[in-house]
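The values are calculated or read from the model by the stated rules, or taken from the named source; none is laboratory data. No experiment lies behind these values; they were computed from the predicted model shown. Quick reminder, even Gly has a Cβ in these numbers, built from the backbone with ideal geometry, and neighbours come from all protein chains shown. When the accessible area is computed, the model is the full protein with side chains, heavy atoms only, and any ligands, DNA or RNA have been set aside. Shrake-Rupley method; radii C 1.70, N 1.55, O 1.52, S 1.80 Å.
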Amino acid sequence: MKSYKELSRDELLELQGALNKEYADAKSKGLSLNMARGKPSPEQLGFSMGIMDVLNSSSELVSEDGTDCRNYGVLDGIPEAKRLMAGMVGTKSENMIVCGNASLPIMYDTVARSYAFGVCGSEPWCKQEHVKFLCPVPGYDRHFAITEQFGIEMINIPMHEDGPDMDLVEKYVENDSSVKGIWCVPKYSNPEGVCYSDEVVRRFAALKPAAEDFRIYWDNAYAMHHLYPDQPVEILDIIEECEKAGHPDLVFEFCSTSKVTFSGSGVAAVATSEKNREWFKKTMTIQTIGYDKINQLRHVKYFGDIEGMKAHMVKMADSLRPKFEAVHEVLEAELGGLEIGKWTDPKGGYFISFYTLPGCAKKVAAMCKDAGVTLTGAGATYPYKKDPEDNNIRIAPSFPTVDEMKLAAKLFALCVKLVSVEKLLEEK
């Protein structure tokens, strides 16, 4: 197929007319499809319905250490829940604190705790003149929203195929004491689908921060979310690597079952060093009398162990994979060879990252919305919602059906074509 960049002005004008007619026809169909967030589909949620049957009024709600899960106590989680959550991210159960229903509140609380009280005895961030966070981009919008709410300056760090630009990370972390953290999604990253290489993980573990209160915020949200379970991508245990490097306190690792069982009714945890865990618990004792131990027990009884969760995730993959493949098939058929866009081909996670020509993403998203397809807002994958190139769009294939995804992807490709032609005509 001939590249749009090779077309003459007359050819572009002719193409524009045809595309406008096609777009008008698409708008008349009254579509209403949503690819905005990585929301599990009803089918995915249905896979976990059995979890509702593992406990009832006749169940013995006692953990393996004798704790009555109906009562107060056990601030950091029952032992079997620690073991299950540790299995998700490949670390030791003694590193875990099991918390509430999702990892986002833990991350928010960790920033708030650091801001108000300081990290492990350091001066509270609220009393420091400058506080900065490094943000690999494109990245997760909710991470950026947390640091923005606390007035923390965010610095873009480019992502490579094996993880963040570590030369730049090392430069900032090791030379600027106002840099207090970095957001990381190390496996099937949001939205790129990048998995951090062994070298990148080890370079993180070897960091020598200028600030004693610097921490890596390691959001291992998609640790279990392989699209191809027979070819799983595995990454090194960051906690073990930090211990080997002599920096055991350098990382907070977050995880949850939000996209494993029920979103909003899952189990979440943070894994970190003993020193950091004691710091967490010091304020947790004021914040809560304990998290939902019955829900922890429910998850453990449902899965049995990490092998049970892995088997469950094969069903999830079988549901998600055809949707991702449908998007790729449509994009390749509609846009392949046109040189007006490129997209990622993740092997896990929940998103596809698409790059338009510079300056086109916002208009593509707006045209899609006008025709009935809602996307994540252009710019959302960057701090302050400011994509410097206005060219990144996050596609979330999880919620619609396969047929709906094909329709949505075709409309998306049509909008990319139309906006790209307009862009190229402006340059002629």
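For the reader, a short list of remarks on this structure follows.
- For the range 171-196, the set of residues classified as over 9 Å from the mean Cα position of the chain (by Cα), of a type in the set (S, T, N, Q) and open to solvent by less than 30 Å² (accessible area, probe 1.4 Å) consists of S178 only.
- Members of the range 197-235 that are over 20 Å from S103 (Cα atoms), open to solvent by 10 Å² or more (accessible area, probe 1.4 Å) and of a type in the set (F, W, Y): Y228
- Restricting attention to the range 338-363, the residues that are under 17 Å from M405 (Cα atoms) and β-branched (V, I, T) add up to 2.
- Restricting the first member to the range 90-111 and to residues that are in contact (Cβ under 8 Å) with a residue 24 or more places away in the chain and over 17 Å from P248 (Cβ atoms), and the second to residues that are among the charged types (D, E, K, R) and open to solvent by 50 Å² or more (accessible area, probe 1.4 Å), the beta-carbon pairs closer than 7 Å and six or more apart or on different chains are G100/D292; L104/R142.
- Residue in the range 354-367 that is in a loop (DSSP other than H, G, I, E, B), within 18 Å of L331 (Cα to Cα) and in contact with a strand residue (DSSP E or B) (Cβ under 6 Å, 6 or more places away or on another chain) present: no
- When residues in the range 295-321 are screened for being open to solvent by 50 Å² or more (accessible area, probe 1.4 Å) and of a type outside the set (D, E, K, R), 4 of them pass.
- If the condition is being touching a Pro at 6+ places or on another chain (Cβ under 7 Å) and among the aromatic types (F, W, Y), then the range 126-167 contributes only F144.
- If the condition is being of a type in the set (A, V, I, L, M), part of a helix (DSSP H, G or I) and open to solvent by less than 30 Å² (accessible area, probe 1.4 Å), then the range 1-39 contributes L12, L19, A26.
- Tally, over the range 274-312, of residues that are in contact with an Asp or Glu (Cβ under 6 Å, 6 or more places away or on another chain) and within 22 Å of N56 (Cβ to Cβ): 1
- Candidate set: the range 41-73, residues that are under 30 Å from S398 (Cβ atoms) and of a type in the set (S, T, Y); chosen: the one surrounded by the most Cβ atoms within 10 Å (Cβ to Cβ): S48
- Selection status of L407, part of a helix (DSSP H, G or I), out of contact with any strand residue (DSSP E or B) (no Cβ under 9 Å at 6 or more places or on another chain) and either open to solvent by 10 Å² or more (accessible area, probe 1.4 Å) or touching a residue at least 60 places away in the same chain (Cβ under 8 Å) (or both): no
This table checks each residue for (1) touching a residue at least 12 places away in the same chain (Cβ under 8 Å); (2) in a loop (DSSP other than H, G, I, E, B).
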{"residue": "E170", "(1), (2)": "yes, no"}
{"residue": "E174", "(1), (2)": "yes, no"}
{"residue": "G181", "(1), (2)": "yes, no"}
{"residue": "K187", "(1), (2)": "yes, yes"}
{"residue": "V200", "(1), (2)": "yes, no"}
{"residue": "D230", "(1), (2)": "no, yes"}
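- Annotation: of all residues in the range 335-373 being under 22 Å from V137 (Cα atoms) and among the β-branched types (V, I, T), the one that is surrounded by the fewest Cβ atoms within 10 Å (Cβ to Cβ) is T344.
- For the condition touching a strand residue (DSSP E or B) at 6+ places or on another chain (Cβ under 7 Å), in contact (Cβ under 8 Å) with a residue 40 or more places away in the chain and not charged (D, E, K, R), A269 qualifies.
- Condition check for K323: of a type in the set (K, R) and closer than 30 Å to Q149 by Cα: no
- Residues of the range 260-285 that are part of a loop (DSSP other than H, G, I, E, B) and surrounded by fewer than 24 Cβ atoms within 10 Å (Cβ to Cβ): F262, S263, G264, S265, G266, S273.
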